[in-house]
Structure formats: C-alpha cells, structure tokens
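Below is one structure; the comments refer to it alone.
The values are calculated or read from the model by the stated rules, or taken from the named source; none is laboratory data. These numbers were taken from a predicted model, which means no experiment stands behind them. So basically every Cβ, Gly included, is an ideal-geometry build from the backbone, and we count neighbours across all protein chains shown. Just so you know, the surface numbers come from the protein's heavy atoms only, side chains and all, with ligands and any DNA or RNA stripped out. Shrake-Rupley method; radii C 1.70, N 1.55, O 1.52, S 1.80 Å.
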Amino acid sequence: MPSMTGAELLIRLLERQEITTVAGIPGGTNLPIYDALGRSSRIRHVLARHEQGAAFMAQGMARSTGKPAVCMATSGPGATNLLTAIADAKLDSVPIVCITGQVPLGLVGTDAFQEMDIYGMSIPVTKHNYLVRSARELLHVIPEAFRIAASGRPGPVLVDIPKDIQCQSVTFDMLPAPGTPETSPDPDIDQLNRAAEMISRSRKPILYLGGGVTQSGASETATRLAEKNTLPSVMTLMGLGAMPHSHPLSLGMLGMHAAKHTNLALQECDLLIAAGVRFDDRATGRLEEFCPDADIIHIDIDPSELGKLKTDCVGIVCDVKTALEHLLANVQDKQRGEWVDRIATLKRDFPALLPKTASPLSPYGLVRHAAEYVGPDAIVTTDVGQHQMRAAQAYPVTRARQFLTSGGLGTMGFGLPAAIGAALAHPDRSVICFTGDGSLLMNIQELATAAEHNLNIKIVLADNRALGLVQQQQELFYENRKFASSYGNALDFTTIAKGFGIASADLANSEDPASDLRDILGSNGPALIRIPVNAAENVYPMVPPGAANTTMIEGAAND
Amino acid sequence: MISLENRVVLELNVNNHPGVMSHVCGLFARRAFNVEAILVLPLGGGETSRIQLLVNADQRLDQMVKQAEKLRDVHEVQVKEAAGSSFERMVQEYSAA
C-alpha cells in the first residue's frame, strides 16, 4: 500500500488533475507543500510577487482554457491576499482551486502567528471551501474540489490545509480518480419546444448572449442559431466573443456603454432569448424598463439565476449548449426582412461612436491599431476603467475565451496577472493587455514575473494620470467636482518597465507612432507601450447608473 | 409573543461539521434575509444534521431556497408550515417564562 505525506499526496492528486502550472508564493505554513511541489517533475511553479497576482494568474489560465487552474498561498496574509481575486472568480464564474497553508490544527483558534480564519473569510467568495482535518481527507477533497470548480456554473474553491496535516503520513490502497465535471441535468424538452415555438412566433427577437455561452462552449451553436433564424444578437461584457465582432447579426455589447442602436433595438424587441446571462444591472440598466415589450426565455445552468431579477420569464434550467442545440434543430429557417431592415436603420441612424480611430494615439485608435498589429490569434486581457470599456466597444473579438476581463467584480489590477496566466497557458500565442495607469499600479509588481519568464505579453497602457471612469462620473453626476481622482505626480512608466527588465516605448515621443506600435507589438517577449491619453475624454455613450438603457448620454461624433 | 403568521420553516438536511452553520447563516446574512429562529440537531450517526429556520415568507423566499440548495453541504431544503412546528411550542414556552 502506498504511503506518503499529505503534501506529497496533494501534489500527486494535482498531477492527476493534469495541472502543469501552479502560481503561488510559499510561506511558513505551506512549506511542506512547496517541498513536495519542488520534487514534482510534472508541475511548473510560477512565483508570483503578490498572492493576488498568483490568483489572477490562475484566473488567466482558467479563463483562457476553460479548465480549472491552481494557485497557492501561505496562511494569514498570504491567504487574505488571495481573496479579491477569488471574489472576482466567483462573480465571473471562473473555475480556480486555491490551496492555502494553515497553522497546525492544534493551534487553530489560538491567534497563532499568521493564523487567519480563511475558511470563514472565504465562504462568501467561493463556490465551496474546505478546512482539511486529516491527510486522508485529501483523497476525496482534492478531486471533489476540482469537480465542484468545473461543474455546472463554474467557480472558485478554496482548500485550507493545516501544516501538520501536510506532514502527516497517510496510507491508502489506491489513488482516487481525478475529479471531472458532473454531467448537466437533462433539459425539460417541453419547455425547450415551447421556447422554439415562441421564437417562431416572434417578429422582433433578440438573442442575448452571456458568459454562460462561453462556459458551455456554445458560441458556434449560438452563431448558427442566430444565422438560421436571423436573430440579431447582443452580448454582455462576459459574452464578448460568443459571436464574432464583425458578424452581420452582431449588435455588440449591450448596456451602460453599448452603442445606442444596440440598446434601442432591445427596447423594440418582442422576444428576448437570454442564454447564460444574469441580467446584471450594467447590462440591463433600470430593470423595469429593460425590453419592456418582450417575452423572455431565460436559459441558465444555475437554477437560482432563473427568476432572480426578471421574474416573468420562461425559465429553462439547462446547459446552454444543450439548449441552443435543441433550439437550432427546432427553429425554422427564417429571413425576418422587416426586423433586419429596422435594425439596419437603427445602426445607420445611431452608429457606434468610436471617434478618432485613425490615430493610434487616441483612446479608441490605440485599441484598433493594436488589434490589427497583433492579429486575430492574440488573447486580450483588460484592466478596469475607461480603457476596458473602449476595448469592449472597439476590439474585434473573434472567438470565445479571447477577451478576458473582470466583469462582475470590476477589479483594477486584473489585467497584467491575468495576461501572465493566459501566456503561461498559451505559449504559442501573443497576449495583449490593455490597461490604464490606475489599474496597472495595482498589480505592477507582476512585471517582474512576466520578465522572469520572458512571456510574450504586450502591455498597452493608456496613461491619463487619473482614475478616468471616476472622473467621468464626477463630471457628469457630481457637478464636475473632481476629487481624489487624479494623480498629482507623473510616473515614468517606461523607466519603471526597464527597471523590471521589460522593453518599453513611449508613443508620446514617437515620430511615427503607428510604426513604432507595430514594431514593439511584433517583438518577442514582454513589452510595455505607454500612450498618453486625455483624462477629459469620456467613454460614451453612457447610461447613468440606475437609469433606463434608453437614457443614454451621447458623446462626440465619429470623424 | 412573536407571531408565526406569514412565516415558514425552512428545513435543511446538511453535513455535520464545524463550518456548516457558518455557510448557512452567512448565506442569509449576506443576502440581508433575517432568520427569526433556529433549531439544529444531528441525525442518526451524526454524519448529517437537520437545521430548521423560521423565516419570513416574503417574495425573496424562493430565491433563498434556491441559494440554500446551491450550498454543497446542504443536501435538501424543504419549506414547511410554521404552525405545528417545534417553533410553535418554543414560542409558547418563551412567552410563558
């Protein structure tokens, strides 16, 4: 019978989950795990510079591959530093497994050095969590952690392992099977048939695609369904890539920063087919006035999402892909000439406002130029703020799992470590991270990690020396009283990047910015490109928080 | 004397370990849904417990049941009448004291 320590067993079980990269930071209470990890020939450890960075790296791996990824931290501050990134994973349904060290079981509850109740603290931000009380428990806890993280609506799982449990030896007959996702429940075929009939009867339907479409691998099915029945389609921030940006039926992102024609089309629709969405307020605006004339079909694998906010829907608890496949087989081929014409009119009368895209030095131009130079294979991450909304509006996303962004929690500091995670999982692709100066500063220490591993990450920094989206709200809704939202000192980001050992360029000093941008984006290894942007330029259109989506503040016209 | 009117009992069958109450109570706390009364006893060999919660029967009840069902340590959730429940007897005892 095999015998090993809890730590060795943990690493063995992670290997069996086909984990090949773990991001983390060692400390006093997880050293036995690190000692075992150091002896693994199958798992590469990436040393983050902050535990939040490690957890976002795991997110970058998980979001770009769809498979659970792992991060590690020691007890106390190591574990609490993970929490923001775990919360982020919870809100965006990202499968990560976080393994924390804990003080020895006998010291739990004594306020020991670096003891913190991470089990209690992580309850609201995890899908599930464990405090392991014996090495033997790992035999079922670890496969179960992976099964839970990846099943149904995915999410983060935390496993807290006291140091003495890591050292305890355990004897067992055989290793358990790796944890795999549960099969999804059988759909209610009658409900799906009813949905298909509603689609056939509708005159002005819209398909509303969210992160659940990506999670279930249903983006191609969704696109084919839209094409067969001619369904104009909107996407949430998390759903971007469910249908290619350039698809004729795509109306892009809906909601607070949608193109005006997108929100107006929703206002007119008579049927909303909501797939893998949760009616977030940033997408719906004032809920009572969202799609006021529409019947709603709501498909989601999480039963608690149905009826949570919109109560009068035809709710279908189902894996989105299974549901859309059934609908694809059962809806008619349909042209919908009148509705298509109406959408075309709305698009013509209220086009997407992406001013000054011709210049690589403008906020929208930098997105479009960078996208062109890195090409369609690149993976994109964003931070949070104006640059994020501009990237969501303007980046030509072609596929699911290409555009990685912090949607639900809106965590500044997400972009760089998530890009590192995506690059670790996809060494064959380039990764581009759109960020702002406020966001970049929140996890800038991970430049060291990117440099150490020579990852192919290009950081495109729109530097306005401000918290741009905060200033925008202060200008619009606080009588222009801008307070605590601009930085009093200018930072030299290109020198900072060089200090980390990363190539950099400042397009402010460039004679030919487009050419310089193309060159540096085409180079190998990590690089930072700073582009100064004007803090006074707001992101438009904008729906004021709490207002109806038809109440849009419009910005400058295209030129 | 507290009223049982417009109140129901949520009966949860759960795993029995030190973190379970925290999961269940935390769920109600963070969704700002008050628990008026609570009763817990281990079942059979002590592997599982039954939790009874006296709660208001407002329009959020359905969502709370769905959220409770999502907890991994919760095996089953049932909604029962408050009248005739153990809480009715407790109310009488407490108000007599």
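Tabulated values for the structure
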{"quantity": "Residue in the range A:271-294 that is within 14 Å of chain B (Cβ to nearest Cβ), in a helix (DSSP H, G or I) and either of a type in the set (D, E, K, R) or open to solvent by 10 Å² or more (accessible area, probe 1.4 Å) (or both) present", "calculated": "no"}
{"quantity": "Residues (within 14 Å of the chain's Cα centre (by Cα) and under 14 Å from B:Asn13 (Cα atoms)) located in the range B:43-65", "calculated": "B:Ser49, B:Arg50, B:Ile51, B:Gln52, B:Leu53, B:Val65"}
{"quantity": "Matching residues in the range A:427-440 - criterion: being farther than 11 Å from A:Val380 by Cβ, of a type outside the set (Gly, Ala, Ser) and in contact (Cβ under 8 Å) with a residue 40 or more places away in the chain", "calculated": "A:Thr435, A:Asp437, A:Leu440"}
{"quantity": "Pairs with Cβ under 6 Å, 6+ apart, first in the range A:257-273 and more than 25 Å from A:Ala391 (Cα to Cα), second in a loop (DSSP other than H, G, I, E, B) and modelled with pLDDT under 95", "calculated": "A:Asp270/A:Asp293"}
{"quantity": "Boolean, A:Pro68 is open to solvent by 10 Å² or more (accessible area, probe 1.4 Å), over 25 Å from A:Pro154 (Cβ atoms) and not hydrophobic (A, V, I, L, M, F, W, C)", "calculated": "no"}
{"quantity": "Close pairs from the range A:106-131: first within 14 Å of chain B (Cβ to nearest Cβ), partner among the basic types (Lys, Arg) and open to solvent by 60 Å² or more (accessible area, probe 1.4 Å), Cβ under 6 Å, at least 6 apart", "calculated": "A:Pro124/B:Arg30; A:Val125/A:Lys90; A:His128/B:Arg72"}
{"quantity": "Unmet criterion (only one of (1) touching a Gly at 6+ places or on another chain (Cβ under 7 Å); (2) assigned to a loop (DSSP other than H, G, I, E, B)) for A:Pro396", "calculated": "(1)"}
{"quantity": "Among the residues listed as A:Ile96, A:Ile19, A:Ile11, the single one being farther than 30 Å from A:Val397 by Cβ, modelled with pLDDT of 95 or more and of a type outside the set (S, T, N, Q)", "calculated": "A:Ile11"}
{"quantity": "Residue list for the range A:136-176, restricted to those being open to solvent by 10 Å² or more (accessible area, probe 1.4 Å), outside any helix (DSSP H, G or I) and more than 16 Å from A:Leu13 (Cβ to Cβ)", "calculated": "A:Gly152, A:Arg153, A:Pro154"}
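Conditions (1) within 30 Å of B:Gln67 (Cβ to Cβ); (2) surrounded by fewer than 22 Cβ atoms within 10 Å (Cβ to Cβ); (3) touching a Pro at 6+ places or on another chain (Cβ under 9 Å); (4) at pLDDT 95 or above, marked per residue:
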position	(1), (2), (3), (4)
A:His298	yes, no, no, yes
A:Asp302	yes, yes, no, yes
A:Lys308	yes, yes, no, no
A:Ile316	yes, no, yes, yes
A:Asp319	yes, no, yes, yes
A:Asn330	no, yes, no, yes
A:Arg336	no, yes, yes, yes
A:Asp341	no, yes, no, yes
